[in-house]
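Below is one structure, written out as structure tokens, with a few remarks after it.
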Amino acid sequence: MADDKDVLRDVWFGRIPTCFTLYQDEVTEREAEPFYLLLPRVSYLTLVTDKVKKHFLKVMKAEDVEEIWFEYEGTPLKWHYPIGLLFDLHASNTSLPWSITVHFKNFPERDLLHCPCNSVIEAHFMSSIKEADALKHKSQVINDMQKKDHKQLWMGLQNDKFDQFWAINRKLMEYPTEEGGFRYIPFRIYLTMSDRPFIQKLFRPISPDGHTHTLGDLLKEVYPVAIASDDEAKRYQVVIHGIEPLLETPLQWLSEHLSHPDNFLHISVIPAPSD
Amino acid sequence: MPVSLLWAVDVYGRVFSLSTGGQQWEHCCDAVLEFKRLTAVQQCCWGIACDHHIYLNVHASDVPIRYQEEAYENQRWNPVDNFSDRLLPSDRWQWSDITGLEHKPLDGFLLPSTNWEWEGDWYIDENFGGEPTEKGGWTYAIDFPATYTIDKKWNSCVRRRRWIRYRRYKATDTWAKIPSEGQSGPLPDPFNDISCGGWEISEEPRGRLSLWAVSLQGKVWFRGGIHHHTPEGMSWEEVSLPGEVVQISCGPGDLVWAVLWEGQLIVREGITRDCPQGSSWVVVDSPNPEVGTIHVAVGVSVVWAVTKDNKVWFRRGINSHNPCGSGWIGMVGEMVMISVGLNDQVWAISREDRAVYFRQGVTSTELSGKAWKAVSVPRDGDIRPNSSTSTSSLHSAGCFFSGEVRAQSVMSEDSDTEADPQRAVHEVGASVSSPPSVHLSNDPEAPKPRIPKVTSDSFISEMLSDRETKRDGAAATSIPEEEVTPGDAEAKSPPPALVLSPSQSGGPGDPQWSTVDLEEAQTHLAVGPAAGRGDSSDTCSLSSVVTCMLGLEGLYGPDDHPLWAWVSGGGCAVDCHTQLNWFNSVTALTSSIQAMSLSVSPAQTAAWRKQIFEQLNERSKREIDNFKHYEQAIEQSVWVKKGTMQWWRDWKPHKWVDVRFALEQFSGPEGHKDGIVFLYYNFNEEKKYLHAFINEVTILVPVLNDSKHTFAIYTAERTKQRWPIKLAAATEMEMHDWLALLSVSCCDSRGIQGPPSKQAIWSITCKGDIFVSEPWPSLEACPYPTPCDQMFWRQVGGHLRLVECNSVGVVWGLGYDHTAWVYTGGYGGGFFQGLASSTDNIFTQTDVKSVYIYENQRWNPVTGYTSRGLPTDRYMWSDATGLHECTKASTKPPSPHWTWVTEWAVDYGVSGGTDREGWQYAADFPTSYHGYKTLKDFVRRRRWARKCKLTTTGPWQEVPPIPLSDVTILPCGDQSVVEQIPLWAISNKGDVLCRLGVTLLTPAGTSWLHVGTDQPFKSISIGGASQVWAIARDGSAFYRGSVSTQNPAGDCWYHIPSPARQKLKQVSVGRTSVYTVDENGNLWYRQGLTPSYPQGSSWEHISNNVRKVSVGPLDQVWIIADKVQGSHSLSCGTVCHRLGVQPMEPKGQAWDYGIGGGWDHITVRGNNIEAPRVRMPSLTDALRPPSTLAARPLPAGNTENGNAVQC
């Protein structure tokens, strides 16, 4: 019987095979070969695409290069969402590798945040962790940590060091046994067809009468449309890390095991494939 | 913590017990009488019934209470008759006790009471001091009384032999009447109150209790002679009093308080080991002079009282020196009575609702606790007809899961066949009563057709309700009255729904309805009228159980609770950390189901979890497996962790020096992670370093002592030298961080993760730390095995003294406090947290051990014995050797993990015996001591003991309730599939036990089968072909005959003579080999074993300096050896492996030395990996795990570079 610890490993080492192609209108000196890469699901696009950038810059003139950005089938990809989330949200149920178009011009100011350097990603990542801990432990755990622990979390993610990251992160996943879970579950629910970026509410892992809340309970409360009633066909898929957990999965367990390194449970609700 | 019971009596006199692991009051069905009061301890419960007689309920145990009666048959030789029973007139009786002074004819032995039975007839004991005698069991001497020998000599004029017979206490789990006999006839008046305790006063004789009782006239009686072998005690003795007593309370220790008629309290003083009934009373005033006290309850060091206005009071300042305390503190709450249990926990019955309350937050530092919390669990007597559906299915669910199989009652069949119109109505009524609101007695006129609802949930319960009504169908008529007036004339029988109809007479009030099990229900259903729907039963059964349980919620409002009259927590082992399921019945039920099975917890097998594992697997197949040739986005880099530590430097003078310490981790070839540890130090102003490759580290050993947080790093080379890298971290936390990190790193580099394999070799250090090693096939290869100093050991959480395993993965351990633990299949625990530990299967583990110091005195002519010794003498307070000073104040627990749990107390259980004050005498230090003073004795000493406790976590779960001193599991062969795995054990009292129900899925088994012996045992081992060998405490060996799968306990013991002049200590049996170790450290091999003569013929000496032996399923021999020479130092407690053991040469040739010293135990009984027979180099290399080092040449001086160590 596999252990729960294996889930953490599987989540961390999740990879998406990706094919980067340069946008056709970009001006190049010679033809740009596509670039193939295994992207870590839990990382951020701009953090792991140095090689991509280097690859395409070789065929471009420096003056034609502005800030890099990525797009999939017309949708600009937000770098501040974890890669796995972007994939689940926009490209699940499509054939692999994931085909991403690389742009160096016409930065879509309305859709994307600028990402001039890695410290911006770090700031975003750390603020997510802090927000998550505010929900989980009233920020007590993260505030008790030293600066170097914070750094270790970030370095763990940046260098894909599972042990280094989890050596610290496990403290963020602890809770008093008598309470049976976190104060609130840090989660975000993303919908493809909504204008809202995501849904986020206060939700406890345990009901007032002591029952364990499940993924189904959360959806019922927050986005009941996602749950198909018995008589109708499934309209939506609820995807976390590329898998569809059963609705009776306890939310606390999900939060401990299927959260992204930013300590949030990123849940994509996408239309079920019609076939 | 083992399950224990809280006892209570309700106002109708019905006795109930509530288990610490349970969630409902169980009616004590055997109580045919109503009871007034109870006083419970862990092993039994005493009560006063409505007839004012005292009854005793001894809890049944897997080990029966048996008592050995003995008599000696004496004979004298004369020329005419040879040896005959014609003795000289000056001689002893023909039949006598051991001294010969008392006449003991065999037919003069009578059972002490009707509660006892003989186990068998008299037989001759053929064992004489560990040696077998000739047939007939005679021992010879020149004359009475003299030294007896086995051999008949020319001058042997007398002989004697010992006859033994066992009697057994049979009245367990039933209320046995205790005769009200005083020393001079029957007691004058009946009893009114009773209190039991005092077991902490003395451990000898075992199970000793004090029982205090109050008569109606206010007299106090003390019952003496209660201990394990005489649970009923001997007789009542009156205790003189300053007034008339109404109530008395006796704590576990020496605290006894009583309430006088006038409302004051009296405290017994002078209670000691030698005088458990005490000497005098001291009067203490009532908390409120206006309002007298009506009730008192005492614990080890607490006294609680209740005054006539129901106010609760707590006595301040109670301790062993001041049993009277210093003052009263008023507490919140109004109670009618209070009971103090183990660990000074408190229960009470409130005045207002007569519910049982538990005092929360009582700890050793806060004895008065924090708040009262009502115990709110249903009673199994709470069943009403209208709710029988849900409730009964609840019970059936319980029975189903607990695997309790009880025979279906014949009585129900009887009532089934009875054609009773009333019954039919009832049956129909019940069948439509799925919604509990439909009250049976309310609509008896509605004989609706029996069309059960077919929604899956209600289905099984519907069928159950059908059964229900059939079962107690005949009783249906009486139920409505019962419901209205519970506890009137009919209340003598168990609770309302339990009333048995006349047709069921003769039944001992056994609640048949509570033993309905689902399986039965389903078969019933298949053949019943509803057979057409039988197919759906399987799928719905579980869901219905769950529904019913949740449905229970509404059934027990607080109003339904009957009134309680008395509660006794004296046997209830809880403390402030215990998780009790008594306060919220719903969550309690679900959790209990999770806790029921050890190895298969529903959480583990839950569909959602399986789904996640499966989908993650699919995901990696889909997204990664086909794209492995893609480049990784992030390049792997080196990760370094640094710190400062102290290092016990390698060269003389050895001392702690500050060093910088770093671990560099990187991805090695083949994706395995690897690393190097560096240790930077200064030598002669020069910067040097020492390093070790992580993949060459063989073990990391925590060496906690009270001053430094030390751990040792071994490599194969360092193991040879008996000189590890010893490091000390600044704090315990830092040490644990490093140990966990290094350990994960070592495991990663060797590709080891998850729980140990079934073949793993387990070992334990003298600190109780548990290590496990994955064996390589080449370990037992011949002629070139892998040296065992290259074995990699990793730590497993927990604390044990001994561990035993077998090759199918059943692992048991024993703690220092003799608690038995079963391995749960997890890994990690202890300081391994987060990733290095499994999430499930890790539980809290505690262990208790005693620390001993010695008080030494010398006699001088003026003052007698004093603590002033000669200048040359040892310390007056010392350790056992006398070399180190150990005072009460300065002696600390062995490591920071241990905390004191008792005070220092004189230890009377020292070998050699002691006098009444615990002293042992000798002519001078250091010599052998004896327990009595002679003229030649000038020094004396006594041992003081103090218990300390350790709490940790590990993949272990307790197997209550019997403490064990040894355990052995059949080392199943490679392919053999054994349904029931034979497991034998020795209890800490020396009883031989055979565990039933041990399987792969239930490694803890179900119950013990007691195997009778004539003397206590200490070691046992079961080997191939179910050969069971055991060692008795007197050092003799025994072979158990006819043990087989069909007859798991065998039939009789064969006494095997020990090696000449040696007392054996331990035995281990492999496939065919039998090895023993004696008390002088010799290792013996049993010669001449054949299938037809499995006892063998003689002992052959193999080796000395052996502490323990473990023989594996392939007859491989491993030992713990003492005095192993390394290049740096000598070590004691070293793991050694016998080389050259082959089928034709089971004794092997030489020893190979592995990890040590400081090792205490090893078991290789799981390792059934056959070594490759023919050693082709290519073959063996292929067999090794790729990451092991065995294939590489031994790294020379890997730890000694940096050129400084040579100095």
Which numbered condition trips up A:Met193, out of (1) touching a residue at least 12 places away in the same chain (Cβ under 8 Å); (2) buried (at least 18 other Cβ atoms within 10 Å of the Cβ); (3) out of contact with any His (no Cβ under 8 Å at 6 or more places or on another chain); (4) not hydroxyl-bearing (Ser, Thr, Tyr)? (2)
Any idea which residue in region A:146-167 is nearest to the other protein chains (Cβ to nearest Cβ), counting only those that are assigned to a loop (DSSP other than H, G, I, E, B) and surrounded by fewer than 18 Cβ atoms within 10 Å (Cβ to Cβ)? A:Asn159
Subset of region A:54-79, residues surrounded by fewer than 17 Cβ atoms within 10 Å (Cβ to Cβ), away from every other protein chain (no Cβ under 14 Å) and not in a strand (DSSP E or B), comes to A:Leu57, A:Lys58, A:Val59, A:Lys61, A:Ala62, A:Glu63, A:Asp64, A:Val65, A:Glu66, A:Glu67, A:Glu73, A:Gly74
Of all residues in region A:184-200, how many are in a loop (DSSP other than H, G, I, E, B) and either closer than 23 Å to A:Ile83 by Cα or not assigned by the TED database to the domain that holds A:Glu256 (or both)? 10
Which one of B:Arg1071, B:Arg1033, B:Arg1061 is surrounded by fewer than 22 Cβ atoms within 10 Å (Cβ to Cβ) and on the phi > 0 side of the Ramachandran plot? B:Arg1061
Which of the residues that make up region A:1-53 are surrounded by 21 or more Cβ atoms within 10 Å (Cβ to Cβ), more than 7 Å from chain B (Cβ to nearest Cβ) and β-branched (Val, Ile, Thr)? A:Val11, A:Thr18, A:Val42, A:Thr46, A:Thr49, A:Val52
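Give region A:116-127 a look and list any residue that's more than 14 Å from chain B (Cβ to nearest Cβ) and surrounded by fewer than 20 Cβ atoms within 10 Å (Cβ to Cβ), or say none.
A:Pro116, A:Cys117, A:Ser119, A:Val120, A:Glu122, A:Ala123, A:His124, A:Met126, A:Ser127
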B:Asn856 - would you say it is of a type outside the set (Ser, Thr, Tyr), away from every other protein chain (no Cβ under 14 Å) and surrounded by fewer than 14 Cβ atoms within 10 Å (Cβ to Cβ)? no
Do we find a residue being in a helix (DSSP H, G or I), surrounded by fewer than 19 Cβ atoms within 10 Å (Cβ to Cβ) and within 14 Å of another protein chain (Cβ to nearest Cβ) anywhere in region B:760-779? no
Could you check region B:278-308 and list, in sequence order, the residues that are under 17 Å from B:Val214 (Cβ atoms), under 41 Å from the mean Cα position of the chain (by Cα) and not in a strand (DSSP E or B)? B:Gly278
Mind checking which pairs have a first residue in region B:91-104 that is free of Cβ contacts under 8 Å to residues at least 12 places away in the same chain and a second that is assigned to a loop (DSSP other than H, G, I, E, B), Cβ under 8 Å, 6 or more apart or different chains? B:Leu101/B:Arg92; B:Glu102/B:Trp93; B:His103/B:Trp93
Kindly provide the set of residues from region A:83-98 that are touching a Ser or Thr at 6+ places or on another chain (Cβ under 7 Å) and more than 13 Å from chain B (Cβ to nearest Cβ), ordered by number. A:Leu85, A:Leu89, A:His90
Residue among A:Glu248, A:Glu256 that alone is within 14 Å of chain B (Cβ to nearest Cβ), part of a loop (DSSP other than H, G, I, E, B), of a type in the set (Asp, Glu) and closer than 22 Å to A:Val11 by Cβ: A:Glu248
Kindly provide the set of residues from region A:168-178 that are within 20 Å of the chain's Cα centre (by Cα), more than 8 Å from chain B (Cβ to nearest Cβ) and assigned to a helix (DSSP H, G or I), ordered by number. A:Ile168, A:Asn169, A:Leu172
Within region B:80-161, strands (runs of 3 or more DSSP E) holding 3 or more residues that are modelled with pLDDT of 85 or more: B:116-118, B:139-141
Tell me, which residue of region B:1079-1120 that is at pLDDT 90 or above and of a type in the set (A, V, I, L, M) is surrounded by the most Cβ atoms within 10 Å (Cβ to Cβ)? B:Val1111
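Quick grid of which residues meet (1) crowded, with 20+ Cβ neighbours inside 10 Å; (2) farther than 30 Å from B:Glu69 by Cα:
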position: B:Ile226; (1), (2): yes, no
position: B:Met234; (1), (2): no, no
position: B:Glu237; (1), (2): no, no
position: B:Pro252; (1), (2): yes, yes
position: B:Arg273; (1), (2): no, no
position: B:Pro289; (1), (2): no, yes
Pairs returned, first residue in region B:1057-1078 that is at pLDDT below 90, second residue that is surrounded by fewer than 24 Cβ atoms within 10 Å (Cβ to Cβ) and of a type in the set (S, T, N, Q), beta-carbon separation under 6 angstrom, 6 or more apart or interchain, are B:Ser1058/B:Ser1036
Could you check region B:939-1015 for strands (runs of 3 or more DSSP E) lying wholly inside it with 1 or more residues that are among the basic types (Lys, Arg) and closer than 21 Å to B:Tyr1039 by Cα? B:992-996
When every residue in region B:623-648 that is more than 9 Å from chain A (Cβ to nearest Cβ) and not in a strand (DSSP E or B) is compared, the one modelled with the highest pLDDT is B:Asp625
Can you find a residue in region A:181-197 that is within 20 Å of A:Trp12 (Cα to Cα), at the interface with another protein chain (Cβ under 9 Å from one of its Cβ atoms) and not hydrophobic (A, V, I, L, M, F, W, C)? no
Restricting to region B:728-750, and then to whatever is away from chain A (no Cβ under 14 Å) and of a type outside the set (S, T, N, Q), can you tell me which residue is farthest from B:Cys972 (Cα to Cα)? B:Ala730
Given (1) within 21 Å of the chain's Cα centre (by Cα); (2) within 14 Å of chain B (Cβ to nearest Cβ), identify the lone condition not met by A:Ala272. (2)
Matching residues in region B:355-366 - criterion: being over 20 Å from B:Ala40 (Cα atoms) and touching a Phe, Trp or Tyr at 6+ places or on another chain (Cβ under 8 Å): B:Gln360
For region A:207-223, which residues satisfy the criterion of being more than 9 Å from chain B (Cβ to nearest Cβ) and surrounded by 11 or more Cβ atoms within 10 Å (Cβ to Cβ)? A:Thr212, A:His213, A:Gly216, A:Asp217, A:Leu218, A:Leu219, A:Lys220, A:Glu221, A:Val222, A:Tyr223
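The values are calculated or read from the model by the stated rules, or taken from the named source; none is laboratory data. What you see is a predicted model; the values in this text were computed from it and never measured. Virtual Cβ from ideal backbone geometry, glycine too; neighbours counted across all protein chains shown.
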